[in-house]
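Some notes on the structure that comes next.
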Amino acid sequence: MPATAQRQMHLVAYLKTGPTALHPGGWRHPEARLDDIFEPARYEHIARVLEDACFDGCFFADLQGLYDIHKGGFDTYVAQGGQISFLDPMTVLPVMARATSRLGLGATLSTTLLNPYHIARSLLSLDVFSKGRVAWNMVTSATELEAQNYGLDALPPKDARYDLADEVVEACLKLWRSWDTDAFVLDKARGLFADPAKVHYANYEGKSVRTRGPLSIPQSAQGHPVLMQAGASERGREFAARWAEVIFAAQRGISDMVAFRRDIHARMGRYGRKPSETAILVQTTCIVGETDAIALEKAAFAESLIDDELAIASTSSSVGVDMSRYRDGEPIEKLMGNQGMHGTLQLLEQAQRDEKISLAEAAKRRHPNLLVGSPVTIADRMEEMFRSGACDGFVLTPVTHPSSHEAFARAVVPELQRRGLFRTAYRAETLRGHLRDDA
C-alpha cells in the first residue's frame, strides 16, 4: 500500500465445525442451520461469503475431545449444544480451499500434544495446496481431558508448555525450509526432476524436541503458514511477541486493548520484530439490525436462548474450574492448576470489577466485545476502536451460522469500505500478503 494511503483494518472469521461458536444459545435460533453440519456445502458456502467480502481469512477453533469439567461430565455440553468440534477442521479446510482463491484458512493445532513433524507436514501440505493461504493457530492446550486423550496423565505446567511450544515452532520453521524455492528443475530431457543440493535436513535438537527432516514438501507460495496465537498470560504474551503474525486478543474496553497492544509491541522489539509484523485482532461479536432498535431486539432474543447451565459449563471449560461448585473467595488460580485460559479469567475478573458482581455470577454471563446496532452504528464502534490504537482489526465470532457472518458481510463491510477502513478488493494472493498489504 502506498505510504500516503489510509491504514486499513483486518477481518478474520471465527468458525467451528458445529452449530455453536462462543454464543451458547446460537444453535437454537431460527436462523441457525443444523441440517448441514456434515455436508461439504456448508463450509464451501461460508468460505465464499467471507471471500466475497474480502476477509483476510477465517480459522477454526478446536478441541481434541469433549469438555467434561462441568459437574464432572459432558452431559450438559452434549444435551444442550455446547461448543463441540463435530469434524476435524483439517478435513474441512481443503474443501474450503477448493471453493476459494484468496481467503486465508486457519487451523488450531496443539504444540503440547502433536509432534512437530506431523504439524509441519500437515500444515505445509495444505499451504501448498491452497497456494499460500494457511494459518496455524498455535495453542498449548488448556484441559487435562486433551492430555489424557493423547496418553498423558496430565498437562505439563503452563510455563513448561510454552517452553515446549518455542521448540516446536523452531522445529517447524526449520522443516518448512527443507526445500529451496528453486529446487524443482523438471527437465525431462536431462532426466533431472529436482536438485538434491537444494533440499536440506532440519537436524533440529532442543531440550524436548528433536527432528531430522527433511520434509518431502516444498515451500508454499507464502513460504510457510502464517503463525497465529491467542495467549493472554505473561508467558503467552512473550510467546506471541516472539512468533505471532496474528494475535487473537480478548480484552474488554478500549483502554485495556490499547495497553495490551502497546505491551505486545514493546515485547516484539526485544526480539528484533517490528509492530507491522503482527496484526492484533480483537474478538468481537456483532448483532446487526436495520436500525439500532431492531438490533437491540435481536440481541435480547439471542440472549433469551442462552441456558444458564450451559453458560456456566462454557465458562467452566474455559477457566478449567467447575464453576457450578465454585464459592466466591476461593483462590481460583490455585483451583485452575495447569488448566484453563488466562484470558478468560481476566475477562471474568474485569466483569466482576466493572459490574460489581461476584465471580460466580460473572460465570453465568457472556462477556465478549458485543457490538449491537445498525451497520452505521457498528462501523462507528469498530472505527473508534481501530483508530484509537486498540487493535489492527477484528476476529468476528458469530451468534448463528451462517447468518451472523452473512449479515456482517452484506451490511457492515460496505460501510467500512465506504469509509476507506477496509479493502474493496484483494491486493495480494496469499494470507501473509493480505496481512501486510496495509504496511
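Look at region 261-296 and say how many of its residues are in contact with a helix residue (DSSP H, G or I) (Cβ under 8 Å, 6 or more places away or on another chain) and either aromatic (Phe, Trp, Tyr) or on the phi > 0 side of the Ramachandran plot (or both).
1
Restricting the search to region 49-94, which residues are among the β-branched types (Val, Ile, Thr) and within 28 Å of Lys131 (Cβ to Cβ)?
If we filter region 49-94 for residues that are among the β-branched types (Val, Ile, Thr), which is where we start, we get 49, 69, 76, 78, 84, 91-92.
Scanning region 49-94 gives Val49, Thr91, Val92.
Hey, can you tell me all the residues within region 17-35 that are farther than 24 Å from Gln64 by Cβ and assigned to a loop (DSSP other than H, G, I, E, B)?
Across region 17-35, the qualifying residues are Gly25, His29, Pro30, Glu31, Ala32, Arg33, Asp35.
Only residues that are outside any helix (DSSP H, G or I) and of a type outside the set (A, V, I, L, M): list them for region 241-280, please.
Within region 241-280, Glu245, Phe248, Gln251, Arg252, Gly253, Tyr271, Gly272, Arg273, Lys274, Thr278 qualify.
May I ask you to list pairs of residues, at least six apart or on different chains, whose Cβ atoms are under 6 Å apart, with the first in region 149-169 being in contact (Cβ under 8 Å) with a residue 60 or more places away in the chain and the second being aromatic (Phe, Trp, Tyr)?
As it stands, the answer is Tyr162/Phe239; Val169/Trp243, since those pairs meet every condition given.
Please note which helices (runs of 4 or more DSSP H) are completely contained in region 69-162 and include at least 2 residues that are in contact with a Pro (Cβ under 7 Å, 6 or more places away or on another chain) and at pLDDT 95 or above. Step through it out loud before you land on a result.
Numbers: elements: 75-80, 89-99, 116-129, 144-149.
Counting at least 2 such residues, we get 116-129.
Return the pair list, or none, for Cβ contacts closer than 7 Å from residues in region 180-194 that are within 19 Å of Pro214 (Cβ to Cβ) to residues that are part of a loop (DSSP other than H, G, I, E, B) and acidic (Asp, Glu), at least 6 apart or on different chains.
Ala183/Asp195; Val185/Asp195
Would you mind stating whether Tyr14 is at pLDDT 95 or above, in a helix (DSSP H, G or I), among the hydroxyl-bearing types (Ser, Thr, Tyr) and buried (at least 20 other Cβ atoms within 10 Å of the Cβ)?
Numbers: at pLDDT 95 or above: yes; in a helix (DSSP H, G or I): no; among the hydroxyl-bearing types (Ser, Thr, Tyr): yes; buried (at least 20 other Cβ atoms within 10 Å of the Cβ): yes.
Against the criterion (at pLDDT 95 or above, in a helix (DSSP H, G or I), among the hydroxyl-bearing types (Ser, Thr, Tyr) and buried (at least 20 other Cβ atoms within 10 Å of the Cβ)), Tyr14 does not qualify.
Within the group Asp56, Asp52, Asp62, Asp68, which residue is more than 28 Å from Arg98 (Cα to Cα) and in contact (Cβ under 8 Å) with a residue 24 or more places away in the chain?
Every option except Asp68 fails the conditions.
Within region 207-226, how many residues turn out to be outside any loop (DSSP other than H, G, I, E, B), touching a strand residue (DSSP E or B) at 6+ places or on another chain (Cβ under 6 Å) and not polar (S, T, N, Q)?
1
From the set of residues in region 241-255 that are out of contact with any strand residue (DSSP E or B) (no Cβ under 6 Å at 6 or more places or on another chain) and of a type outside the set (S, T, N, Q), which is surrounded by the fewest Cβ atoms within 10 Å (Cβ to Cβ)?
Top of the filtered list is Gly253.
Is it fair to say Phe422 is among the aromatic types (Phe, Trp, Tyr) and in a loop (DSSP other than H, G, I, E, B)?
yes
Conditions: (1) surrounded by fewer than 16 Cβ atoms within 10 Å (Cβ to Cβ); (2) in contact with a Leu (Cβ under 9 Å, 6 or more places away or on another chain); (3) assigned to a helix (DSSP H, G or I). Ser317 meets all but one. Number of the miss?
For Ser317, the exception is condition (1).
Taking helices (runs of 4 or more DSSP H) that fall entirely within region 338-415, which contain at least 1 residues that are buried (at least 16 other Cβ atoms within 10 Å of the Cβ) and within 23 Å of the chain's Cα centre (by Cα)?
Answer list for region 338-415: 342-355, 375-387, 403-407.
So that you can scan it fast, the table gives a plain yes or no per residue for (1) surrounded by fewer than 21 Cβ atoms within 10 Å (Cβ to Cβ); (2) outside any helix (DSSP H, G or I); (3) of a type in the set (Val, Ile, Thr):
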{"site": "Ala171", "(1), (2), (3)": "no, no, no"}
{"site": "Lys174", "(1), (2), (3)": "yes, no, no"}
{"site": "Asp182", "(1), (2), (3)": "yes, yes, no"}
{"site": "Met228", "(1), (2), (3)": "no, yes, no"}
{"site": "Gly236", "(1), (2), (3)": "no, no, no"}
{"site": "Phe239", "(1), (2), (3)": "no, no, no"}
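Right, Arg436: closer than 22 Å to Cys58 by Cα and at pLDDT below 95 or not? Before you say what the answer is, go through the steps one by one.
Numbers: closer than 22 Å to Cys58 by Cα: yes; at pLDDT below 95: yes.
Judged against the criteria, Arg436 is a match.
Suppose we keep only residues that are surrounded by 24 or more Cβ atoms within 10 Å (Cβ to Cβ) and among the hydrophobic types (A, V, I, L, M, F, W, C) within region 417-435. Which one would you say is nearest to Lys298 (Cα to Cα)?
My answer is Phe422.
Cβ contacts < 6 Å: first residue without any contact (Cβ under 8 Å) to a residue 60 or more places away in the chain, restricted to region 219-242; second residue part of a helix (DSSP H, G or I), any location; separation 6+ or different chain. Result?
From region 219-242, the pairs are Ala241/Ile264; Ala241/Arg267; Ala241/Met268.
The values are calculated or read from the model by the stated rules, or taken from the named source; none is laboratory data. None of these values were measured; they are calculated from a predicted model. Neighbour counts are summed over all protein chains in view; Cβ atoms, including those assigned to glycine, are modelled from backbone coordinates with ideal geometry.
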